[in-house]
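J.: Following this message is one structure expressed as structure tokens.
The values are calculated or read from the model by the stated rules, or taken from the named source; none is laboratory data. Quick caveat: nothing in here was measured; it's all calculated off a predicted structure. Backbone-built Cβ (ideal geometry, glycine too); neighbour counts: all protein chains shown.
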Amino acid sequence: MNMSMTQPVSSPSHPVVRSLRVCRLGTALTGTVAVPGDKSISHRALMFSALAEGETRIVGLLEGEDVLRTAQAMRALGARITRENDGRWHVHGCGLGALHEPADVLDMGNSGTAARLLSGLLASHGIMSVMTGDASLRRRPMKRVMDPLAATGATFLAREGGRLPLAIKGSATPAPLTYRLPVASAQVKSAVLLAGLNAQGQTQVEEPVPTRDHTENMLRHFGAHVTVEETPEGGRIVRLEGKPRLIARDVTVPGDPSSAAFVLVAALLVPGSDVVMTNVGLNPLRTGLFTTLREMGARLDVTNERTEGGEPVGDLRVQASSLQAVDVPADRAASMIDEYPILAVAAAYATGISRFRGVEELRVKESDRLASTVALLEKNGVRTKVDGNDLIIYGTQGAIPGGGVVETHMDHRLAMSASVLGLVAENPVDIDDTAFIDTSFPGYFALFNNLGAGFAAV
């Protein structure tokens, strides 16, 4: 067996702790798998269909804890949401402007995306609501959405530093916003656009660097009028006409490229591996990691490219490769912000010194993901350096020492990155908790086992 796992134990911060030990894998990863549905698109599909008139059918919805929290919240706000035995989801929307005041607190669990996007909807409806989350989410800053959304006329009350729990008294007549993002953030952009749906007039968001555009794509899919203008500086101005009539439209959710990243890097690093992943989302604002890995020498091919529900998708074939160090420009960060921890593992295994530029946004993820990624590598014998907002990683030429204990800080992506590192490290890697992997990648260990990873049953 490649992994041993402790018996789950209760904890005051969350109900179950699952620690694990991962040992170096002696065989190749091979086979064809489908990764779970895209988390970003799944959140939006539930929210937008709840605002639409009629019934939306959703295929491929990610059934991780984060997305299920969004489903629960939209039910509390008046949408009728059911799951059929065949895995299809049906959403009967309330219609724009018709969300109900929830009877209880909305618990968003570990999901920063759900909390921030939902803030935009709640700010622009004349209802009172309170949001909370788990210990990790309650540490994450909400001020970045509260500040622009307050200009709609909504009132926000939060803990010091703009942290959850958060009470929102929405405006029945929200003002349209014109806002320039101080930093690239698809979540803040989306929150402002969602607030603009229920505002009379045009809402405008300028982003300095293009970020994932799932909100824009899906709003068009449901009938909203959204335009995008590129700025001379390389940014974008997104404009939304308020009070659109949103009509139910079926949604097919592609496989999540952020989830595919872990399988992809594992297959690149484990000698002899040859893996195919089907139906992966290929939105160009999400595929910075694929570009970066190819620059490192990855054998990564895309086949069967097509468009589904306004999103480009395709199949990925990845084969074990000899990787070289890479210098990742800062303007690529927005297209791969969630993938830096697993890219760090690839860079640690590679030959040469890698530099990831402009990764300051990692400091405000589920954990301080920059500090956590550094600790993940350093505790396993990989030298790193933080230079301002840059992360420097000294590659080991395929000889990661391992032998360390990784603290995941309730961060699912840290846990998955550590498990991949353990597959190729020279000594076993201990991970303090893997329970949070379910928030974004249910069935993670089973999928890897189908490829030959040999993880113990979870």
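J.: Is there a residue being free of Cβ contacts under 8 Å to residues at least 24 places away in the same chain, of a type outside the set (S, T, N, Q) and not in a strand (DSSP E or B) anywhere in the stretch 293-309?
T.: Checked the stretch 293-309: at least one residue is free of Cβ contacts under 8 Å to residues at least 24 places away in the same chain, of a type outside the set (S, T, N, Q) and not in a strand (DSSP E or B).
J.: Would you say residue 317 is touching a residue at least 40 places away in the same chain (Cβ under 8 Å), outside any helix (DSSP H, G or I) and within 20 Å of residue 258 (Cβ to Cβ)?
T.: Yes; evaluated as a whole, the condition is true for this residue.
J.: Residue 171: buried (at least 19 other Cβ atoms within 10 Å of the Cβ), closer than 30 Å to residue 300 by Cβ and out of contact with any strand residue (DSSP E or B) (no Cβ under 8 Å at 6 or more places or on another chain), yes or no?
T.: no
J.: Here's another thing I want to ask about it. Does residue 405 count as in the same structural domain as residue 333 (by TED's automatic domain parsing) and within 21 Å of the chain's Cα centre (by Cα)?
T.: Against the criterion (in the same structural domain as residue 333 (by TED's automatic domain parsing) and within 21 Å of the chain's Cα centre (by Cα)), residue 405 does not qualify.
J.: So, in the stretch 28-55, of the ones that are of a type in the set (Val, Ile, Thr) and not in a helix (DSSP H, G or I), which residue ends up surrounded by the most Cβ atoms within 10 Å (Cβ to Cβ)?
T.: 35
J.: Return the pair list, or none, for Cβ contacts closer than 6 Å from residues in the stretch 63-83 that are outside the structural domain of residue 444 (by TED's automatic domain parsing) to residues that are assigned to a helix (DSSP H, G or I) and among the hydroxyl-bearing types (Ser, Thr, Tyr), at least 6 apart or on different chains.
T.: The qualifying pairs are 64/439; 65/439; 66/439; 67/42.
J.: Related question: Condition first: in contact with a Pro (Cβ under 6 Å, 6 or more places away or on another chain), acidic (Asp, Glu) and in contact (Cβ under 8 Å) with a residue 24 or more places away in the chain. Can you find one or more residues in the stretch 268-291 that meet it?
T.: No: zero hits.
J.: Enumerate the helices (runs of 4 or more DSSP H) found wholly within the stretch 359-458, keeping only those where 3 or more residues are free of Cβ contacts under 8 Å to residues at least 60 places away in the same chain, among the hydrophobic types (A, V, I, L, M, F, W, C) and in contact with a strand residue (DSSP E or B) (Cβ under 9 Å, 6 or more places away or on another chain).
T.: Here the list reads 369-378.
J.: Tell me which residues, restricted to the stretch 295-321, are surrounded by 15 or more Cβ atoms within 10 Å (Cβ to Cβ), out of contact with any strand residue (DSSP E or B) (no Cβ under 6 Å at 6 or more places or on another chain) and closer than 19 Å to residue 349 by Cβ.
T.: Residues satisfying the conditions are 298, 320.
J.: If we keep just the residues of the stretch 87-103 that are surrounded by fewer than 24 Cβ atoms within 10 Å (Cβ to Cβ) and closer than 17 Å to residue 68 by Cα, which is modelled with the lowest pLDDT?
T.: 87
J.: Which one is surrounded by the most Cβ atoms within 10 Å (Cβ to Cβ), of the residues in the stretch 60-86 that are more than 22 Å from residue 437 (Cα to Cα) and not charged (D, E, K, R)?
T.: Across the stretch 60-86, the extreme among qualifying residues is 74.
J.: Could you look through the stretch 99-120, keep only residues that are of a type in the set (A, V, I, L, M) and free of Cβ contacts under 8 Å to residues at least 60 places away in the same chain, and pick out the one that is nearest to residue 440 (Cα to Cα)?
T.: That would be 108.
J.: Give 226, 280, 251, 265 a once-over and let me know the one that is under 19 Å from the mean Cα position of the chain (by Cα) and under 23 Å from residue 196 (Cα atoms).
T.: Checking each option against the conditions leaves just 251.
J.: Is it fair to say residue 129 is in contact with an Asp or Glu (Cβ under 8 Å, 6 or more places away or on another chain) and at pLDDT below 95?
T.: So residue 129 fails the test.
J.: Tally up the residues in the stretch 211-241 that are within 24 Å of residue 252 (Cα to Cα) and either acidic (Asp, Glu) or assigned to a loop (DSSP other than H, G, I, E, B) (or both), please.
T.: Residues in the stretch 211-241 being within 24 Å of residue 252 (Cα to Cα) and either acidic (Asp, Glu) or assigned to a loop (DSSP other than H, G, I, E, B) (or both): 8 in total.
J.: Which is over 24 Å from the mean Cα position of the chain (by Cα) and farther than 24 Å from residue 349 by Cα, of 435, 456, 425, 446?
T.: 456
J.: Sticking with this one: Yes or no: the stretch 332-339 includes at least one residue that is buried (at least 24 other Cβ atoms within 10 Å of the Cβ), in contact with a strand residue (DSSP E or B) (Cβ under 6 Å, 6 or more places away or on another chain), touching a residue at least 12 places away in the same chain (Cβ under 8 Å) and not aromatic (Phe, Trp, Tyr).
T.: Checked the stretch 332-339: no residue is buried (at least 24 other Cβ atoms within 10 Å of the Cβ), in contact with a strand residue (DSSP E or B) (Cβ under 6 Å, 6 or more places away or on another chain), touching a residue at least 12 places away in the same chain (Cβ under 8 Å) and not aromatic (Phe, Trp, Tyr).
Table: residues versus (1) over 30 Å from residue 401 (Cα atoms); (2) over 21 Å from the mean Cα position of the chain (by Cα); (3) small (Gly, Ala, Ser).
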| site | (1), (2), (3) |
| --- | --- |
| 35 | no, no, no |
| 40 | yes, no, yes |
| 45 | yes, no, yes |
| 49 | yes, no, yes |
| 61 | yes, no, no |
| 68 | yes, no, no |
| 75 | yes, yes, no |
| 78 | yes, yes, yes |
| 81 | yes, yes, no |
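J.: Are any residues in the stretch 115-138 of a type outside the set (A, V, I, L, M, F, W, C), surrounded by 18 or more Cβ atoms within 10 Å (Cβ to Cβ) and in contact with a Ser or Thr (Cβ under 9 Å, 6 or more places away or on another chain), and if so, which ones?
T.: Of everything in the stretch 115-138, those that are of a type outside the set (A, V, I, L, M, F, W, C), surrounded by 18 or more Cβ atoms within 10 Å (Cβ to Cβ) and in contact with a Ser or Thr (Cβ under 9 Å, 6 or more places away or on another chain) turn out to be 116, 120, 124, 125, 133, 134, 136.
J.: Filter the strands (runs of 3 or more DSSP E) completely within the stretch 86-162 down to those with at least 3 residues that are touching a strand residue (DSSP E or B) at 6+ places or on another chain (Cβ under 9 Å), of a type outside the set (D, E, K, R) and farther than 19 Å from residue 48 by Cα.
T.: Strands (runs of 3 or more DSSP E) meeting the threshold: 128-132, 155-159.
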